[in-house]
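Working notes, structure below.
The values are calculated or read from the model by the stated rules, or taken from the named source; none is laboratory data. Since the model is a prediction, treat every value here as computed from it, not as a measurement. Quick reminder, even Gly has a Cβ in these numbers, built from the backbone with ideal geometry, and neighbours come from all protein chains shown. Side chains included, ligands, DNA and RNA excluded: accessible areas come from the protein's heavy atoms. Shrake-Rupley method; radii C 1.70, N 1.55, O 1.52, S 1.80 Å.
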Amino acid sequence: MLGSDKNLRLHWRVIVVGGHTRSIGKTQLVCDVISAFPRANWIAGKITQYGHGVCAQNGENCDCAPDEHVCAISWETRVDTGTDSARFLAAGARKSFWLRTKQGFLAEGLPLLRAALQQAIEAIGTELPSVIVESNSLLQFLKPSLYFAVLDPAKEDFKDSARAALDRADALVLRGSVNDMTAAGPSWTKLPARLLKEKPSVMQREGEPLPEPLHVLVQRVLEGPEGVSI
């Protein structure tokens, strides 16, 4: 079986969904992709990095030393907990995880993720599943099969790390129109003018089905080879 050798470095189809800030529908886009391709045997997950002094063991301050727990991963088992990982299961993912790491320690969390994915193969018992992850930081360590960047001009906050990742996006998913973006706040004026002209972009309001251009990109990945090493 593929997952029987724990030292085996597998290759995957990996889709990453990121965005410039919180609460712009990144989780919803992950769910949209999962729902649009129910036969892909998705392993879905979210990566969260916590700041100084916050324990990554459970995502809450446990008054431990900052370096005591630098990373942890857990599998979601229910669809009704209200967490983002539960939403992935509700959308149709076969398995759903949440990887938490202390800020700047994602590299230490990757072996946990790699081992968890290999174990998941045995649990699912099918051909190598596809992986979809909500994260910006994962781009520091791999080149995904596909990267969608969600942008909402109604949210002025624009993290520098997200801005740097936009050049790597295969498509921009706009939660508003291009006109909304040109009229947005000062942080949006720092975007290179060529970005919106050169990058494929599609507008999708939350609650709308996966747009056809995104559907085509995902289909192409699912029909292609597994080429991503985690």
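Using the basic label-point model (7 angstrom from Cα toward the beta carbon), what is the Ser177 to Leu10 distance in nanometres?
It works out to 4.5 nm between the two label points.
Between Ser74 and Ser35, what length comes free when the chain is fully extended (0.36 nm per residue of separation minus the Cα-Cα distance, one decimal in nm)?
Numbers: separation 39, 0.36 × 39 = 14.04 nm, distance 2.24 nm.
Gain on extension, Ser74 to Ser35, equals 11.8 nm.
How many nm separate the modelled label positions at Leu195 and Leu142, each set 7 Å beyond the Cα in the direction of the Cβ?
In this crude label model, Leu195 to Leu142 measures out at 2.5 nm.
If I compute solvent accessible area with a 1.4 Å probe over the protein chains, what percent of it on region 96-230 is carbon and sulfur? Don't jump to the answer; show the numbers that get you there.
Working: 3330 of 6420 Å².
About 52 percent, which is the carbon plus sulfur part of the accessible surface.
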